[in-house]
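Following: one structure in structure tokens, then a few remarks.
Any read-out appearing in this document is the output of simple, stated calculations on the displayed coordinates, not a laboratory observation. What you see is a predicted model; the values in this text were computed from it and never measured. Cβ sites come from the backbone with ideal geometry, for glycine too, and all protein chains shown count toward neighbours.
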Amino acid sequence: MRREGHSRTAGLASGKKPPHSERVTSETAPLRPSLTALGWSNFFAEQITAAETGLIALRISSVHRARMGAQSDQGPLRLNLPPKTNTADYAVGDWVLAEPESHLLIRRLERSSLLQRRTEGARFQQLIAANVDTLFIVTSCNDDLNPARLERYLALANEAGTEPLIILTKADQVQDPESYRARVTGLQRGLQVVTLDGTSPEARRILSPWCGPGQTVALVGSSGVGKSSLLNTLTEKRGAEAQLTGSIREDDAKGRHTTTSRSLHAIAGGGTVIDTPGIRTLHVSDISVGLEVLFAEITELAPQCRFRDCSHAHEPGCAVQAAVKAGDLDPARLDRWRKLLEENTENTPIMTGPRGNRVVKPAGKRR
């Protein structure tokens, strides 16, 4: 998903420079990237109507309960929200249109991609990030590395239509980082994996193919894997501007939360990165094609089974079980596929009731 600029960008960004008093940060704050550098493209420009050419395009950089921050081609600012605006409907990375003088939010543009997850007990999906090209799934070369957990992130990326990249951090702290790479490379067909030291400037060079001007990446992963350190390296943030970093517990390699909210930052030299808090538990729900892409080898074998509704567990003529017996399919992989499929079914709400009067049945055990 690569994006190009559009000739209408200049017109959309032609509003006056925001008053200093309305800036989210101080005068000395940093980067003032163009809209194209922020990820603006034809996809968004073509959604503008003739009546909206006097509005300015802004990208949401932070979302809180009662306020939202945004990034313009002139720098950061605070959006003015209309009455009854529900900020939960917006994600960091969204593009919106606003009045040039007052910065009053007018409307959100359609998204090219959306990362979202369902938290336990919640009725609606929690929005993680919008309009992301590549999902940086960050883990580390230590006991935190968990292939089953990484598969959940891959399903999330696949469902959103973003390109996943697994980043193994702290490669400088182990003798054989390639052994960690070998444990994750086969988790998905064509999956790209990189190993690096997230605190080294070399990390920017390694990740540069995904961090060019106009490209947007998002960082996800558990606490303590080095997301904040990697963010500081990509953005060249130092001192008071730097994201806080934390240590991990030596006994289990678990980290402490240092990032508490989602935020958008400019990558030094081009591109945009969205930082997210560490996720302890990622429930699988509302997934359709995400698991099919993740477990492509099972998806492709299924039509060869004798029964259309084959569970790939005990039925005769099962092509998937035949592949396991032949040594062509890892039985542990099949077990993880079945577990995620069952979890997705259990956690995904369904429409029920008579036609024309359907209601959403909450996620839970199917009766």
| message | For the range 100-173, give me the percentage of DSSP beta bridges that are antiparallel, rounded to the nearest 5 percent. | response | 35 percent
| field | Distance histogram for the range 105-173 (every C-alpha pair counted, 5 angstrom bins, percent rounded to whole numbers) | value | 3, 15, 20, 20, 17, 13, 6, 3, 2, 0
| query | What ranking do 231-237, 303-309, 90-96, 60-66 get when scored by the average of other Cβ atoms within 10 Å per residue, highest first? | reply | 90-96, 231-237, 60-66, 303-309
| query | Percentage of Cα-Cα pair distances in the range 68-129 greater than 15 Å, rounded to whole percent? | reply | 55 percent
